[in-house]
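The numbers here are math on the coordinates, done by the rules we state, and not lab data. Computed from a prediction, not measured in an experiment: that's the story for all the values here. Note that we place each Cβ from the backbone using ideal geometry, even for glycine, and neighbour counts take in every protein chain shown.
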Amino acid sequence: MMKHVIKLPTLAGNNSEEKRKEIKTYFQSCYKRYESLFNIVADKDAYFQKADPLRHPIIFYYGHTATFFINKLKLAKIIDTRIDPNLESIFAVGVDEMSWDDLNDAHYEWPTLSQTQAYRDKVYTLVSELIDSLPLTLPITWESPWWVILMGIEHENIHLETSSVLIRQLPFESIREDRRWQECMQYGEAPQNELLEVTAGKVTLGKSKDAILFGWDNEYATHQADIPAFKASKYLTSNSEFLAFIQDGGYENDIFWCNEGRAWKTFTKAKHPLFWKKSENGYILRTLSRKIALPLNWPVEVNYLEAEAFCKWKSQKEGITVRLPAEDEYIRLQDVCDIPSYLEWRDRGETIANIDLEGFASSVPVDHYRHGDFYDVIGNAWQWSRTPIYPFEGFKVHPVYDDFTVPTFDGKHNLINGGSWISCGNLATQKSRYGFRRHFYQHAGFRYVESGYTEQVTTNSYTTDSIISQYCHFGWGENRLKVENYPAKCAGIALAYMKNRPKRKAFDIGCAIGRSTFELARGFDEVIGVDFSTRFIQEAQKLKENGILRYVMPTEGDLETFHEVSLTAFGLENECKKVAFWQADACNLKPIFKDFDLIFAGNLLDRLYDPKKFLDSIASRLNEGGLFIMTSPYTWQEESTPKEKWIGGYKKDGENVSTLEGLKEILEPQFELFDRQDIPFVIQETARKHQHTVAEMTVWKKR
């Protein structure tokens, strides 16, 4: 096999120019490697077929990783101009089956493959030139623009893996073999698995901000635990082991399945793992580009629900209690086996595991790579953990990618450990942490443990992030200054303006936690709320789905109060069916957002990176005679909006230019300003600290 040997750069060094060359080589190699994966898809029409009904066609993923570079570089103010705003809107969001993902085929006119490739080529050139010219100071830190470039590369490495899973689900006739993606040809009987002792010890997870390799936000800070002795399976669970579970009626016997697992089985009608196909002579395994007789000695690839059911079946069969390992136990196993760090084995030029595309473009036998007394402690296939992904103590969100991990802190995403054959870059490092939905298919299997360890990890149902909590309270709480709830008041005023007008569909841009969206639904048939922050949308969606929102507010020092919001208490329980929440960039909205009778933008204008571009797009989305209502305190700041893009609040030729004057200049060709008023609002930080502000509401009628 032609190895894809591409080493993850370190963040430190003594020579900035050498580091620049290293990062450029890494970027270009990873970018081209990603494109080479898609060469396996021989039929261009297959790019536009859904390999998975809950995911976009693979054309989305082919464009998405390139768009990510532009969107993040733009957000970080490293570049000022987009390459293709339309494609960068289409390819922006929709990768993790979140409830706010827009997966409706009718909403998309996908670009052709050649158009997408042309776009990718332009991004390749732009990023390459940026690497050549961007000032570089070592070491690279979170605050460095180079961190954003590395983030884009590692984001594409993630999609190298997830896209390969989707390609395995495409119709086989649309696939071809490629010598750059050569698969293992070693098949045979599986070794007899057994449980081996793992000694007790303390584990330390997480890393510090001065770590030498790039990491995602959830990897930082620390977690420690004392792990009692336990037993772990010598090998990953093989296809042969899992076949015995199937042959013993494991999929038919609901006693082995949790409620979520039973619901998944009913929905999918699964009788065996996704990549297995029943044949006259047994089972066929679908690999990346081949169909082969089921290799009994390869690790089985299943989702968490299947792995958990197997453990319950095995426990009953053998009269012991086996289960999936906790994350802490997996780390203890890694420590006991003395797995060298990524840089240690990479710098020595060793191949110690089927990982980082060092071996094959497929799994290999479970007894091929030995690590101490165990095998495949890292590599070959990811290993499901029973641990839902959670933040370490001291966790902080990276401001350029605030929705990478936080949406997965929902108790519905479990950690996978160890990496697979195609886990590259950060994914191949020992400190990486990735959580996936329990029904999700990755190149993931499992090993089982016999253990009595109880994890000291809690999933707090109360939102504790200070900014999120402030906005929860701003939207749904009352303040001590007795100022009327701002989003509710704005929505009420908007409905009064709409009294004798059609109220079919409203658009709430910058909806935050959704109060104004729900309030507008009192009068509208349909309301779409969008916000740039996925964390805000997550909370709004949680409220829509559950009818309840819980959050914590600081009062003084370390003291806190707990709040619970109920839609029923506000008389909004019936509005749930009329609202929808999506993540979106107000300055680059998708074309599907159109045909509105009302567009409301609350306290948004002076936080946009290109407010004129936003305003220029409004008229085309509004029906004739429709209203555009906007509120803003006009607090222009360069950290939000480059000064040359301010609508007002500056001097021109020695004269003051107000924001209202700037709005009139932009909007009056297509709108008539027919009302304006002041509306106060309060943002509470603690029990005795409040921000009291007065916004201006302007009401514009489309001509």
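General observations
- D (Stokes-Einstein, µm²/s), Kirkwood Cα radius, region 160-207, 0.692 mPa s at 37 °C: 203
- A cut-off under 9 angstrom between Cβ atoms defines the neighbours of PHE230, and their net charge, with Lys, Arg +1 and Asp, Glu -1, is -1.
- Dipole in debye (nearest 20) - region 466-702, about Cα centre, beta carbon charges: Lys, Arg +1; Asp, Glu -1: 500
- The convex hull drawn around the Cα atoms of the chain, when projected onto a plane and averaged over every direction, covers 32.6 nm².
- Alpha-carbon Rg/Rh ratio, for region 606-657, with Rh computed the Kirkwood way: 1.04
- Among the GluC sites (Glu not before Pro) in region 569-677, those located in a DSSP loop and surrounded by at most 16 other Cβ atoms within 10 Å of their own Cβ are GLU638, GLU639.
- Listed residue (SER174, LEU608, GLY13) projecting farthest to the positive dipole end of the chain, Cβ model: SER174
- Across the options THR686, ILE548, ALA381, the greatest Cα extent toward the positive end of the charge dipole of the chain (unit charges at beta carbon of Lys, Arg, Asp, Glu) belongs to ILE548.
- Taking 20 Å as the limit for the C-alpha separation, the pairs LYS278/LYS312; LYS612/LYS652; LYS505/LYS613; LYS271/LYS312; LYS594/LYS643 exceed it in the case of LYS278/LYS312; LYS505/LYS613; LYS594/LYS643.
- Distance between modelled label sites at LYS594 and LYS209, nm, 7 Å Cα→Cβ extension: 4.6
- Mean residue ellipticity (222 nm) of the chain, computed from DSSP H runs ≥ 4 via -39,500 (n - 2.57), nearest 500: -9000 deg cm²/dmol
- Taking the Cα centre of region 16-179 as origin and assigning +1 to Lys and Arg Cβ atoms and -1 to Asp and Glu Cβ atoms, the resulting dipole is close to 400 debye.
- With coordinates expressed along the principal axes, the C-alpha atoms belonging to region 466-702 extend over 52, 41, 29 Å, beginning with the largest.
- Placing unit charges on each Cβ (+1 for Lys and Arg, -1 for Asp and Glu) gives the chain a dipole about its Cα centre, and among PRO325, VAL483, VAL579 the Cα reaching farthest toward its positive end belongs to VAL579.
- Test item: Cα-centred dipole of the chain, Lys/Arg +1 and Asp/Glu -1 on Cβ, debye: 1060
- All-pairs alpha carbon distance profile, region 175-270, 5 Å steps from 0, percent: 2, 9, 9, 9, 10, 14, 19, 18, 8, 2, 0
- Evaluating kT/(6 pi eta Rh) at 37 °C and 0.692 mPa s, with the Kirkwood radius of region 227-348 over Cα pairs in the Stokes-Einstein relation, gives 199 µm² s⁻¹.
- Note on ASP410 and ASN14: the model spin-label points, each 7 Å out from Cα along the C-beta direction, lie 4.9 nm apart.
- Checking every one of the chymotrypsin sites (Phe, Trp or Tyr not before Pro) in region 157-206 against DSSP loop status and a limit of 16 other Cβ atoms within 10 Å picks out TYR187.
- Working note: Cα gyration tensor of region 549-603, eigenvalues times five, square-rooted, sorted largest first, giving semi-axes of 32, 19, 10 Å.
- Contact order relative to length of the chain, as percent, for alpha carbon pairs under 8 angstrom and 6 or more apart: 12
- Counting 0.36 nm for each residue step from THR693 to GLU350 and taking away their Cα separation leaves a gain of 117.4 nm.
- Placing dummy labels 7 Å off each Cα toward the beta-carbon, the span from LYS231 to ASP132 is 6.2 nm.
- Taking the Kirkwood radius as Rh and the Cα radius of gyration as Rg, region 16-179 has a ratio of Rg/Rh equal to 0.98.
- Each 10 Å bin, from zero up to the one with the longest distance, holds this percent of the alpha carbon pairs of region 216-450: 7, 32, 37, 20, 4, 0.
- Compactness of region 304-414, taken as the C-alpha radius of gyration over 2.2 N^0.38 Å, stands at 1.29.
- Efficiency of FRET between ASP45 and PHE267 - r from beta-carbon atoms, R0 30 angstrom, step 0.05: 0.65
- Of the complete DSSP H runs in the chain, those spanning 27 angstrom or more by Cα along the long axis with a mean Kyte-Doolittle score not below -0.5 are 113-133, 145-167.
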